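The values are calculated or read from the model by the stated rules, or taken from the named source; none is laboratory data. A quick note: this is a predicted structure, and the numbers were derived from the prediction, not measured. Here the Cβ positions follow ideal geometry from the backbone for every residue, glycine too, while neighbour counts run over all protein chains shown.
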Amino acid sequence: MVTSPLGLVPRALEDLWPAAHYDIPVTGDWDLDELDMIHSMLARLVERVGYEKVIDHSGMNLASYFPDLDIIDSREGRTAGNQESLERMESIINELVSELGIRAPKGHRHRIESYRALSRFQYGVDTWLEDVRIEGRPPKWRLQKNNIQIAQWHPDAGRFAFSKAALPILHETKTLPEIELRADIDWRGDIFSTILSSYPTGIRVGDDLLVMQNGKLIGSARATAPHWEWAGSPGRLARSHHRLG
């Protein structure tokens, strides 16, 4: 999606902040700064990906800015929501799918790829999603591995909700930040600074954390305070979630 001031928003990331909370009125008019930003971002995207064909439904006359690209104008001067514009875009897509031999993804493959993109954006990795199957009903799809649910996507919160069964997988794939508890404490409640041995930088409110003790995974927690409050704060830093063992 092309928008201002966010720029280019991958479809897979529309459930996340800030795109999911975009409430700026849309006028349809682009000023020169916005056009310059969009053209610059599109140029980098096209150079990185190397598209064979580009369908332009933006109304920004991209063909004049990218003369070396095969760009097809689907609007031809009409508005984006015009029925003829939409029918022309659909016709162009169908023709190109046939011409380029593009096959439709089987089953939930496209959804899994979207979840991989979301995982890379949120955690930097997506290896925990290998061999995952999608079950259930939209919009809260269940993610299962070996017939065991390991997570569920919550679109309203823009996050994955991990089950207890997912914790060893998340630890093995180094997906979530890990905090270490002191060896001499018996973990019973939430996470406070007095029971911590170490924690990573960059913790944000709402982050899921793996709880370790003596180098062993013992559970998970969700941060209720940002990283800068973790050094000696008397309050709760994270709410305990799952416990193993």
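Between I203, I195, which is of a type in the set (A, V, I, L, M) and closer than 25 Å to R120 by Cα?
I203
For P200, all conditions in the list (1) farther than 26 Å from E130 by Cβ; (2) assigned to a loop (DSSP other than H, G, I, E, B) hold save one; what is the number of the exception?
(1)
Answer with yes or no whether E180 is charged (D, E, K, R), assigned by TED's automatic domain parsing to the domain that holds A223 and in contact with a Leu (Cβ under 9 Å, 6 or more places away or on another chain).
Against the criterion (charged (D, E, K, R), assigned by TED's automatic domain parsing to the domain that holds A223 and in contact with a Leu (Cβ under 9 Å, 6 or more places away or on another chain)), E180 qualifies.
For R44, state whether it is basic (K, R), in a helix (DSSP H, G or I) and closer than 18 Å to T3 by Cβ.
Yes; evaluated as a whole, the condition is true for this residue.
What are the residues in the range 203-232 that are outside any strand (DSSP E or B) and among the acidic types (D, E), if any? Explain how you work it out, then say what you get.
Restricting attention to the range 203-232, the residues satisfying the condition of being outside any strand (DSSP E or B) are 203-207, 214-215, 224-232.
If the condition is that a residue be outside any strand (DSSP E or B) and among the acidic types (D, E), then D207, E229 are the ones that fit.
Say we look at the range 121-152 and pick out the residues that are part of a helix (DSSP H, G or I) and at pLDDT below 95; which of these is farthest from P177 (Cα to Cα)?
F121
All but one of (1) surrounded by 13 or more Cβ atoms within 10 Å (Cβ to Cβ); (2) hydroxyl-bearing (S, T, Y); (3) at pLDDT below 95 hold for S98, so report the exception by its number.
(1)
Starting from the range 208-228, take each residue that is in contact (Cβ under 8 Å) with a residue 40 or more places away in the chain and over 10 Å from A238 (Cα atoms) and list its partners that are in a strand (DSSP E or B) and among the polar types (S, T, N, Q), counting only C-beta distances under 7 angstrom and pairs at least six apart or across chains.
L210/S220; G219/S240
Only one of (1) under 20 Å from W128 (Cα atoms); (2) part of a loop (DSSP other than H, G, I, E, B) is not met by R236, so which one is it?
(1)
Among the residues in the range 131-145, are any aromatic (F, W, Y), within 22 Å of E14 (Cα to Cα) and exposed (fewer than 14 other Cβ atoms within 10 Å of the Cβ)?
First, the residues of the range 131-145 that are aromatic (F, W, Y): 141.
From what is left, the residues that are within 22 Å of E14 (Cα to Cα) are 141.
Subset that is exposed (fewer than 14 other Cβ atoms within 10 Å of the Cβ): none.
Checked the range 131-145: no residue is aromatic (F, W, Y), within 22 Å of E14 (Cα to Cα) and exposed (fewer than 14 other Cβ atoms within 10 Å of the Cβ).
Name the residue, out of R116, R78, that is surrounded by 10 or more Cβ atoms within 10 Å (Cβ to Cβ), assigned to a loop (DSSP other than H, G, I, E, B) and at pLDDT 90 or above.
On the way: R116 fails: assigned to a loop (DSSP other than H, G, I, E, B).
Result of the check over R116, R78: R78.
State whether one or more residues within the range 175-195 are farther than 18 Å from W128 by Cβ, of a type in the set (S, T, Y) and surrounded by fewer than 14 Cβ atoms within 10 Å (Cβ to Cβ).
Taking every residue of the range 175-195 in turn, at least one turns out to be farther than 18 Å from W128 by Cβ, of a type in the set (S, T, Y) and surrounded by fewer than 14 Cβ atoms within 10 Å (Cβ to Cβ).
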